[in-house]
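**Student:** Submitted below is the structure of interest, expressed as structure tokens.
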Amino acid sequence: MTAEDGTFASPGHLAETTPGEDRRGDLFDPACPTRQLLDRIGGKWISMAIKVLGDEYPGEIRFAELKRRMPGISQKMLAQTLRHLERDSLVARRIEATAPPRVHYRLTALGMSLTEPITALREWAETHMARIDAARMDWDRAEDRQSQRA
């Protein structure tokens, strides 16, 4: 991107990940890159941002609209979330050189490839959440009874 059209790439940021960078690690090793990435993308704000941006793919969405579509997120947390996604090459940012600057975000192809697994996990949770809630309530009642006996 060029300064002429008001867009700038972040320092050291790669727009897309190139093939051949396939690294696998040991998920049980705390220093494992796979584990670190799963920790990052496992947060609720990350999955919400991916969902909202995925709904617009290949289009863009402005910061304020993203915030509006993600109830409960603070401006600071949204900015941090987007920076993490941008750092991981899952999101691209475009700045229009206007006063004030307009900032647009879109998923990269790599980011779009994450929407399917996140959707599958969300659908699994929605399908099974009632059973999990019931199991939690049963567990909590059993724990309460056991602590009352002690």
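The values are calculated or read from the model by the stated rules, or taken from the named source; none is laboratory data. Owing to the predicted nature of the structure, the values given are computational and were not obtained by experimental measurement. Glycine also receives a Cβ, built like all others from the backbone with ideal geometry; neighbour counts cover every protein chain displayed. Just the protein is used for accessible areas: all its heavy atoms, side chains included, with ligands, DNA and RNA removed. Shrake-Rupley method; radii C 1.70, N 1.55, O 1.52, S 1.80 Å.
**Student:** Out of the total accessible area of segment 93-138 (probe 1.4 Å, heavy atoms of protein only), what percent is carbon and sulfur?
**Tutor:** Numbers: 1920 of 3140 Å².
Exposed carbon and sulfur together represent 61 percent of the surface.
**Student:** With a 1.4 Å probe and all protein chains in place, put V52, V103 in order of accessible area, largest first. Working shown, then result.
**Tutor:** Details: V52 15, V103 40 Å².
Order by accessible area, largest first: V103, V52.
**Student:** I'd like the accessible area for E60, computed on protein heavy atoms only with a 1.4 Å probe and all protein chains in place. Round to 10 Å², please.
**Tutor:** Ignoring ligands and nucleic acids, E60 comes out at about 70 Å².
**Student:** Tell me, what is the 1.4 Å probe accessible area of W45, in Å² to the nearest 10?
**Tutor:** My reading of the accessible area for W45 is about 40 Å².
**Student:** Let me ask something else about it. Pop a pseudo-label 7 angstrom from the Cα along the beta-carbon direction at both R83 and Q148 and give the gap in nm to one decimal.
**Tutor:** My value for the distance between the label points is 5.0 nm.
**Student:** Something else now. Solvent-accessible area per residue for segment 56-119 at a 1.4 Å probe radius, Å²?
**Tutor:** Here the residues of segment 56-119 average 56 Å² of exposed surface.
**Student:** What are the residues whose amide H is under 5 Å from the amide H of G25, where those residues sit 5 or more places off or on another chain and H is modelled from the backbone?
**Tutor:** T34
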